[in-house]
Amino acid sequence: MQSVVFAWLVTLVLRELPERVGFAQMMLGLPTMLLILLAGVLADRIGPRRQAIWAQLMAALCPWALIVAIALGHFSYVILIGYALAMGAATAFVIPARDGMLNVVAGQNVQRMVVLSSLCQFGFQIIGFTLAGFADQMGAVTILVLQSVFLLVGVFAFAPLKGNFESGTRAHRTAASTSVIQELRMGASTVLTHPIMRTVVLQNVAMGLFFAGSFIVGFPLVVREVFAGSSGDLALLNALNSAGLVLTILLLLRLGPIRRAGRGLLLAQGLGSLVLLSAGLADQELLFVVLVFFWGICGGLALPMSRTLMQQLAPADQRARVMSFYSLSFLGAAPLGALLVGYLASLYGPQQAIVTAALAMLLVLIMVALVSPMWNDKLSEVAETA
């Protein structure tokens, strides 16, 4: 919901120029990229539940700064940039803390808990896209109040959680002299020396470059330049993509755990690449929209499987750190993917840019399938090694 509200504020409320819109979006993501690794170390040190509650509360308070500015007649681009920096910082501390709690809450049902978490995430996205369609009628203050309420729900969701969230912090107490840099290096070593975690992070980078780049830049340009669509058409496209994600997640909840999570991840990303390739070649708007919906269905399998593998493999005393590296691999690659797809679109057109991104993703997946243990991975075996 945050991304939808922010884009609406900067483009339709303030009506900023494209370059200022791009800078504002960068300011929203920059604190997360810069702070998420530090936030992972901190969550391992003080306990993820405590960090998640305070960071989520900070995020819930951020919209009220804009509400006050609007009420006083001082809402401006500079105020919005300040809001972006504060919200981005809060997000950086929420993500690894939330992921660090998941295994404790889930017990032996990690994959199911990951799927449920994904369902909440994409369900709120659909709500955000729906609200975006009525934002002009509801007004900025109403939208911001609703955003704050949704974020506050997260605080009340984290607060009553029960479990041994401090188990990972005991190792830090016994090694209090360990510096933050040393702990970051330890987390990086854990990820990079494990063949499956290393591969999942590589695939996450590729998804950020080629999938996120296509979604952030390629799809809006196709809607605008190829099919002469409106902002409503783009909102519908995003909502259908999220609906595809949710549909697959609901199916996963019904089917139960997938034992070969690595193979499931490769198949979902491979099929998603082929669907994205077809979307780039689509010459009718209806066909393009349908393919984006099916692309969301593929993502609904790929995203929970990659996150499940990392959650299962991460050592208990490094879980928040490991998951912060996992999150950064996508969040850091996505802006680069946006630049890449945008550059290709300026040279060859948005459809050709999407086709190129899909082919590049397929090439990465073929290399992964040939040289990594992902294809033969069994989730039960992964759990035993964690």
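Among residues of the stretch 325-340 being among the hydroxyl-bearing types (Ser, Thr, Tyr) and within 10 Å of MET33 (Cα to Cα), the one that is surrounded by the fewest Cβ atoms within 10 Å (Cβ to Cβ) is SER329. All of (1) under 18 Å from the mean Cα position of the chain (by Cα); (2) buried (at least 18 other Cβ atoms within 10 Å of the Cβ); (3) in contact (Cβ under 8 Å) with a residue 60 or more places away in the chain hold for VAL222 with one exception: (1).
Yes/no matrix, rows are residues, columns are (1) crowded, with 16+ Cβ neighbours inside 10 Å; (2) farther than 29 Å from GLY213 by Cα; (3) at pLDDT 95 or above; (4) not hydrophobic (A, V, I, L, M, F, W, C):
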| site | (1), (2), (3), (4) |
| --- | --- |
| VAL5 | yes, no, no, no |
| VAL10 | yes, no, no, no |
| VAL13 | yes, no, no, no |
| PRO18 | no, no, no, yes |
| THR32 | yes, no, no, yes |
| GLY40 | yes, no, no, yes |
| LEU57 | yes, yes, yes, no |
| ILE67 | yes, yes, yes, no |
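State whether one or more residues within the stretch 324-331 are in contact with a Lys or Arg (Cβ under 8 Å, 6 or more places away or on another chain) and at pLDDT 90 or above. For the stretch 324-331, residues in contact with a Lys or Arg (Cβ under 8 Å, 6 or more places away or on another chain) and at pLDDT 90 or above: present.
Condition check ((1) of a type in the set (Val, Ile, Thr); (2) more than 19 Å from LEU347 (Cα to Cα)) across all residues:
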site: ILE196; (1), (2): yes, yes
site: VAL222; (1), (2): yes, no
site: PHE227; (1), (2): no, no
site: LEU247; (1), (2): no, yes
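The lone criterion from (1) touching a residue at least 60 places away in the same chain (Cβ under 8 Å); (2) within 14 Å of ILE216 (Cα to Cα); (3) surrounded by fewer than 21 Cβ atoms within 10 Å (Cβ to Cβ); (4) not acidic (Asp, Glu) left unmet by PRO315 is number (2). What are the residues in the stretch 346-375 that are in a loop (DSSP other than H, G, I, E, B) and surrounded by fewer than 19 Cβ atoms within 10 Å (Cβ to Cβ), if any? Answer for the stretch 346-375, where residues must be in a loop (DSSP other than H, G, I, E, B) and surrounded by fewer than 19 Cβ atoms within 10 Å (Cβ to Cβ): GLY349, PRO373, TRP375. Output the residues belonging to the stretch 261-287 that are assigned to a helix (DSSP H, G or I), surrounded by fewer than 24 Cβ atoms within 10 Å (Cβ to Cβ) and among the hydrophobic types (A, V, I, L, M, F, W, C). Passing the criteria: LEU266, LEU267, ALA268, LEU271, LEU274, VAL275, LEU277, LEU281, LEU286, LEU287.
Of the residues making up the stretch 200-259, those that are among the aromatic types (Phe, Trp, Tyr) and within 30 Å of ALA314 (Cβ to Cβ) number 3. Pick from the stretch 228-249 the residues that are polar (S, T, N, Q) and out of contact with any helix residue (DSSP H, G or I) (no Cβ under 7 Å at 6 or more places or on another chain): which of them is modelled with the lowest pLDDT? This residue is SER231.
Table: residues versus (1) part of a helix (DSSP H, G or I); (2) hydrophobic (A, V, I, L, M, F, W, C); (3) in contact with a Cys (Cβ under 8 Å, 6 or more places away or on another chain); (4) under 25 Å from LEU38 (Cα atoms).
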residue: GLY82; (1), (2), (3), (4): yes, no, no, yes
residue: ASP99; (1), (2), (3), (4): yes, no, no, yes
residue: VAL104; (1), (2), (3), (4): yes, yes, no, yes
residue: ARG112; (1), (2), (3), (4): yes, no, no, no
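Pairing each residue of the stretch 58-80 that is closer than 27 Å to VAL94 by Cα and touching a residue at least 24 places away in the same chain (Cβ under 8 Å) with any residue that is among the basic types (Lys, Arg) and surrounded by fewer than 18 Cβ atoms within 10 Å (Cβ to Cβ), provided the two are 6+ apart or on different chains, yields C-beta distances under 8 Å for TYR77/ARG20.
Taken over the stretch 308-331, the criterion of being within 14 Å of VAL191 (Cβ to Cβ) and under 15 Å from the mean Cα position of the chain (by Cα) is satisfied by MET310, MET323, SER324, PHE325, TYR326, SER327, LEU328, SER329, PHE330. Only residues that are in contact (Cβ under 8 Å) with a residue 60 or more places away in the chain and either surrounded by fewer than 17 Cβ atoms within 10 Å (Cβ to Cβ) or farther than 16 Å from LEU131 by Cα (or both) were counted in the stretch 237-246, giving 2.
Here ILE70 meets each of (1) more than 19 Å from the chain's Cα centre (by Cα); (2) of a type in the set (A, V, I, L, M); (3) under 28 Å from SER179 (Cα atoms) with one exception, condition (3).
The values are calculated or read from the model by the stated rules, or taken from the named source; none is laboratory data. On a predicted model such as this, the values are computed, not experimentally measured, just so you know. Glycine gets a Cβ as well: all are built from the backbone with ideal geometry, and neighbour counts include every protein chain shown.
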